[in-house]
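Down below is the structure, laid out as structure tokens.
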Amino acid sequence: MVYNFFGKDFAMEDNEIELTTQSLHELVIKKNKVALTELFNTTPVIDIAEVASFLPMEDLIYIFRNIESTFTASLFDELSQEAKESLIQAMTDKELVSVIDAQSADDIADTVGDMPANLARRVLSAADKDMRADINRLLKYKEDTAGAIMTTEYLEFREDLTVDEAISQIREKGKEAETVYTIFVRNGARKFVGTVDLDDLIFAKKEQKLEEIMNENIVSCRVNTDKEEVGQMFRRYDLNALAVLNDDDCLTGIITIDDAVDVMTEESSEDIQKMHGINPIEEPYLKTSAKSMMVKCAPWIIVLIILGTFSSIVLSSFQASISAIPILAAFIPVIMDTGGNAGGQSNALMVRGLALKEFGPKDYLKLLWKETKNALFIALIVSLFAFVWFMIEQYTGLVHNANIDVDGVQATLWNGLCWNEKFFVSTAVVSMVVALSLFATVFLARIFGITLPIIAAALKKDPALMSEPFVTTIVDVASLLVYFGLIMAFSQLITQTEQAII
């Protein structure tokens with residue numbers, strides 16, 4: 001990302017400078033307030049925050065003391081939690097008050113909720129009485145609920161207010177609100193009754209009352225609604241803002257689209273991490289310590305090692321079958337990998353569908369019937385291709401079948417030693433056993449892939465917990481049992497056929 005600046009001290013080719021922590025550090029070191037102000041005027045704050053989070057604390061303090069508070073307030077909100085805490089420790093009480101006053105209560109509540117108690121108390125002390133009350137109220141809600149992510153800064157008017165009166169109040173109070181594009185309406189009993197979009201308000205007649213133009217077909221949520229469900233509501237109903245109601249149907253806060261996007265991004269990241277066997281990591285990768293990464297990743301790997309014991313048990317139980325026909329061992333990785341991939345595909349589709357509420361546990365039989373048809377068709381195509389491909393592998397010598405060597409020489413189409421009945425029958429039977437195993441493996445893997453997330457959802461657990469590594473481990477055991485069962489069934493046939501040909 002490249003931004004244009006003036007001033008030869010910071011110019012690269014064509015007076016362009018790349019926004020990095022180092023380039024921002026140089027602007028601070030040279031105390032170039034003009035260039036810093038220009039940077040904030042022309043650059044999205046989120047881009048500045050990404051590099052500013054890695055600045056030395058004295059650089060951040062310089063920026064907050066010398067750049068207008070309208071800019072630094074937004075910058076503070078976008079900084080990493082670690083940078084915020086360091087800033088709060090370094091700021092004077094006066095500086096902290098100016099930063100806190102420029103923030104919204106919900107943003108400060110998010111910051112305070114993750115802080116050590118001593119820093120949290122300092123932030124609350126810096127907030128004015130009304131904001132402190134709002135922050136404390138927001139902190140009472142559970143972390144994953146609508147109440148925890150809502151803002152208390154919104155526009156709420158009585159239904160008997162005229163359009164002209166409402167516009168006047170918007171001009172008076174609008175700057176303090178999180179959004180002016182959606183106005184929330186209550187009745188005389190303070191019950192939430194509807195919303196008015198700003199464009200409808202502008203085009204309405206001045207003397208009309210809000211109850212005449214408001215939208216009564218409204219979507220709302222409760223303070224205890226799960227925030228993941230809130231994100232789905234924004235997506236489903238194409239909302240800009242969502243009313244959050246208490247048990248008395250009174251408006252207690254709102255959630256805006258920017259907060260909903262953050263929730264959807266957070267939930268998607270969490271699901272992706274769980275699906276790959278990682279406990280959710282909240283910090284950016286570059287700021288996550290090795291110890292934290294170990295705590296998040298190692299437990300799942302250890303669990304999968306323990307579960308992998310069952311695969312080892314199956315393999316050790318069929319050593320005799322492997323030693324009798326060694327070439328069959330060469331196809332074990334293919335069967336296990338294919339099962340894992342097939343199960344991972346259906347698992348991903350199920351987790352996504354459950355997350356988006358496209359279906360639920362009650363739809364399992366319908367899903368099972370649909371996936372049975374899909375799995376049979378996919379398994380058939382895969383197994384037919386596999387049979388042909390494994391024949392090619394053996395004929396070209398990519399896979400060596402030592403049982404049909406000619407005078408100790410590997411038979412391949414390159415040396416012409418493969419053109420005999422024994423070679424054809426042996427390779428065909430081996431390919432058929434592996435292809436049939438793949439048919440069963442793909443079918444079972446896809447059924448497991450849809451069943452395990454549904455079970456988790458039915459138990460009120462996150463379907464992503466039944467992650468791809470977990471499904472793969474279970475499918476590995478099942479595919480090995482199928483494979484060795486077929487080997488035992490066909491091994492006698494292979495031996496008899498070879499003896500009859502000889």
- Check cross-link reach from residue 30 to the lysines: straight Cα distance under 27 Å, and skip same-chain residues fewer than eight apart. 8, 84, 94
- Item | Ratio of the Cα radius of gyration of segment 324-466 to 2.2 N^0.38 Å, where N counts its residues | 1.37
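Nearest 500 deg cm²/dmol is fine: what mean residue ellipticity at 222 nm does the chain get from its DSSP H runs of n ≥ 4 alone, each adding -39,500 (n - 2.57), divided by its residue count?
Result for the chain, helices only: -20500 deg cm²/dmol.
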- Sequence neighbours fewer than 8 away in the same chain don't count; with that in mind, list the aspartates and glutamates whose C-alpha is under 17 Å from residue 373. 363
- Expected sort for 259-265, 353-359 on mean C-beta neighbours within 10 Å, highest first, is 259-265, 353-359
- Holding the Cα-Cα limit at 32 Å, pick out from 31/291; 296/370; 191/362; 296/460; 142/173; 140/206 the pairs that are longer than that. 31/291; 296/370; 191/362; 140/206
- D (µm²/s, integer) via Stokes-Einstein for the chain, Kirkwood Rh across alpha-carbon pairs, 37 °C, 0.692 mPa s: value 116 µm²/s
- Taking N as its residue count, the alpha carbon Rg of segment 156-273 over 2.2 N^0.38 Å: 1.14
- Could you give P(r) for segment 2-145, binned at 5 Å from zero, as whole percent values over all Cα-Cα pairs? 2, 9, 20, 21, 17, 11, 9, 5, 3, 2, 0
- Give the residues of segment 231-274 whose amide nitrogen is closer than 20 Å to a point set 7 Å from the Cα of residue 341 in the direction of its Cβ. none
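Work out which helices of the chain, taken as complete DSSP H runs, extend at least 24 Å along their axis over the Cα atoms and score a mean Kyte-Doolittle of 1.6 or more, then list them.
Long hydrophobic helices here: 421-458.
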- For segment 93-205, the Debye formula with one identical point scatterer on each Cα and no solvent gives log10 I(q)/I(0) at q = 0.09, 0.14, 0.16 Å⁻¹ as -0.31, -0.68, -0.82
- Item | Cα-based Rg and Dmax for segment 400-456, where Dmax is the largest Cα-Cα distance (Å) | 18.5, 57
- Residues 350, 488 in order from fewest to most other beta-carbon atoms within 10 Å are 488, 350
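Each reported figure results from applying straightforward, stated rules to the coordinates on display, with no laboratory input. Since we're looking at a predicted model, the values are computed, not measured. Because the Cβ atoms are built from the backbone with ideal geometry, glycine has one as well, and the counts that use them run over all protein chains shown.
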